[in-house]
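As structure tokens, the structure follows; a few thoughts come after it.
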Amino acid sequence: MSFLQDPSFFTMGMWSIGAGALGAAALALLLANTDVFLSKPQKAALEYLQDIDLKTLEMEPRTFKAKELWEKSGAVIMAVRRPGCFLCREEAADLSSLKPKLDELGVPLYAVVKEHIRTEVKDFQPYFKGEIFLDEKKKFYGPQRRKMMFMGFIRLGVWYNFFRAWNGGFSGNLEGEGFILGGVFVVGSGKQGILLEHREKEFGDKVNLLSVLEAAKKIKPQTSEKK
């Protein structure tokens, strides 16, 4: 047992423990930056989306079925993760930059939020050039709701998105629920179906604007039948 009296034995032991902990941390960081632990999105069917109950944000709200948004002329719809989030505001501004082209195509731009807290939607409106509705049951964030918790803050992609938005001059707050991930849909008119479905995989994972525009160009407006 004389080796127990050797100081170098304890030094080597502590070094081994430290190296092991460092290796485990490095492995965890590596895995956190892959898609291994990300929940896989479940594609939404048109039948699922069209039956969602939405509410207007007026003093006397009206409840209606989501299919009203796209039934006649299709629609581009943003499911906002959190109105006060500066990353969501950045994507809203990006989508709003398409509005002149969407107007030419006759395709409206909408957003849905999952909660209506104080002035959050009002403060979000300057970044988003379309109507906003309330999805109280968070159906647009399903069929399988996906969350990103604190793992998001050790993902390099998320930090890249943070710096991109900060450099773009966007700011926000911490009001409201922000872990349930959002997305963007381009839905065709009538029964044309879902032409694009982008599901946010991490904080600040924006939709490709060219893909949105290409999908919008495929929308076929419903024509009234002649009597």
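The values are calculated or read from the model by the stated rules, or taken from the named source; none is laboratory data. All values reported here derive from a predicted model rather than from experimental measurement. We place every Cβ from the backbone using ideal geometry, glycine too, and count neighbours over all the protein chains shown. Areas reflect the complete protein model, heavy atoms only, side chains present, ligands, DNA and RNA absent. Shrake-Rupley method; radii C 1.70, N 1.55, O 1.52, S 1.80 Å.
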Quiz item: Do the conditions hold for residue 56, that is, is it hydroxyl-bearing (Ser, Thr, Tyr) and without any contact (Cβ under 8 Å) to a residue 12 or more places away in the chain?
Solution: no
Self-check item: Subset of the stretch 170-186 that is of a type in the set (A, V, I, L, M) and more than 30 Å from residue 105 (Cβ to Cβ) - its residue that is least open to solvent (accessible area, probe 1.4 Å)
Solution: 180
Quiz prompt | Index of the failed condition, residue 72 passing every other in (1) open to solvent by 10 Å² or more (accessible area, probe 1.4 Å); (2) over 30 Å from residue 223 (Cβ atoms); (3) in contact (Cβ under 8 Å) with a residue 60 or more places away in the chain; (4) not aliphatic (A, V, I, L, M) | solution = (2)
Quiz item: What are the residues in the stretch 127-169 that are aromatic (Phe, Trp, Tyr) and either free of Cβ contacts under 8 Å to residues at least 60 places away in the same chain or open to solvent by 60 Å² or more (accessible area, probe 1.4 Å) (or both), if any?
Solution: 127, 128, 150, 153, 159, 160, 163, 166
Exercise. Spot the failing condition for residue 209; the list is (1) within 20 Å of residue 100 (Cα to Cα); (2) free of Cβ contacts under 8 Å to residues at least 60 places away in the same chain, and only one is missed.
Key: (2)
Quiz item: Is the stretch 136-151 home to any residue that is in contact with a strand residue (DSSP E or B) (Cβ under 8 Å, 6 or more places away or on another chain), of a type in the set (Phe, Trp, Tyr) and assigned to a helix (DSSP H, G or I)?
Solution: yes
Quiz item: Got at least one residue in the stretch 92-102 being closer than 21 Å to residue 176 by Cα and not aromatic (Phe, Trp, Tyr)?
Solution: yes
Self-check item: the stretch 95-126 - residue that is closer than 17 Å to residue 71 by Cα and touching a residue at least 60 places away in the same chain (Cβ under 8 Å) and, of those, surrounded by the most Cβ atoms within 10 Å (Cβ to Cβ)
Solution: 107
Quiz item: If only one of 138, 114 is in contact with a helix residue (DSSP H, G or I) (Cβ under 7 Å, 6 or more places away or on another chain), of a type in the set (Lys, Arg) and at pLDDT 95 or above, which one is it?
Solution: 114
